[in-house]
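Colleague: Right, I'll just put the structure down here and ask away after.
Every number here is computed from the coordinates shown, using simple stated rules; none is lab data. Nothing here was measured: the structure is a model prediction, and the numbers come from that model. Note that each Cβ is placed from the backbone with ideal geometry, even for glycine, and that neighbours are counted across all protein chains shown.
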């Protein structure tokens, strides 16, 4: 799985594509909300299936501060995320 977003370089103002691999996301997830204070008590989680055909689908997740567009695939009967393209609700936060 690969997760991507655009980011803005703080010094130059140039935008670039930022990528995070699956293993890095797993390491981050292990410690990110350790104190239980990173998300609201009732977080927003709205999921829309944009398209589904056979063993592949496109899905949109709207969360509190960001939106994910995901490509998922069904392998051995289990749905798995392949790609994620995300953006904060306010693109100015991508710094």
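Colleague: How much length, in nm to one decimal, is gained on full extension between residue 74 and residue 51, taken as 0.36 nm per residue of separation minus their Cα-Cα distance?
Modeller: Numbers: separation 23, 0.36 × 23 = 8.28 nm, distance 1.37 nm.
Fully extending the segment from residue 74 to residue 51 adds 6.9 nm.
Colleague: Per DSSP helix of 4 or more residues, -39500 (n - 2.57); summed, then divided by the residues of the chain. What does that give at 222 nm, rounded to the nearest 500?
Modeller: On the way: 1 runs with 10 residues, N = 95.
Roughly -3000 deg cm²/dmol at 222 nm, from the helical runs in the chain.
Colleague: If neighbour count is taken as other Cβ atoms inside 10 Å, put 1, 70, 62 in order from fewest to most. The partial results should precede the final answer.
Modeller: On the way: 1 16, 70 19, 62 13.
Going from sparsest to densest Cβ surroundings: 62, 1, 70.
Colleague: A further question on this structure: After finding the eigenvalues of the alpha carbon gyration tensor for the stretch 10-95, what semi-axes result from the square roots of 5 times each, listed largest first in whole Å? Could you put the intermediate results ahead of the total?
Modeller: Working: eigenvalues 121, 65, 47 Å².
After scaling each eigenvalue by five and taking roots: 25, 18, 15 Å.
Colleague: Note down the relative contact order for the chain as a percent, whole number, built from C-alpha pairs under 8 angstrom at least six residues apart. Could you put the intermediate results ahead of the total?
Modeller: Values: 154 pairs, mean separation 24.9, N = 95.
Dividing the mean separation by the residue count of the chain yields 26 percent.
Colleague: Let me know the shape class of the stretch 8-53, please: from the alpha-carbon gyration tensor, a ≥ b ≥ c as square roots of the eigenvalues, rounded when a/c is under 1.5, otherwise prolate if a/b is greater than b/c, or oblate.
Modeller: Values: a/c = 1.66, a/b = 1.16, b/c = 1.42.
It is oblate, given that a/c is not under 1.5 and a/b is not larger than b/c.
Colleague: Taking other Cβ within 10 Å of each residue's Cβ, how do 10, 44 sort, fewest first? Working shown, then result.
Modeller: Details: 10 7, 44 11.
Ranked by crowding around the Cβ, least crowded first: 10, 44.
Colleague: Given the options 59, 48, 84, which has the most mean-square fluctuation in a GNM of the chain, springs set between C-alpha atoms less than 10 angstrom apart?
Modeller: Result for the chain, Cα springs under 10 Å: 48 fluctuates most.
Colleague: Going by how many other Cβ atoms sit within 10 Å of their own, how do 26, 67 line up, fewest first? Walk me through the numbers on the way to the answer.
Modeller: Details: 26 10, 67 14.
Listing 26, 67 from fewest to most nearby Cβ atoms yields 26, 67.
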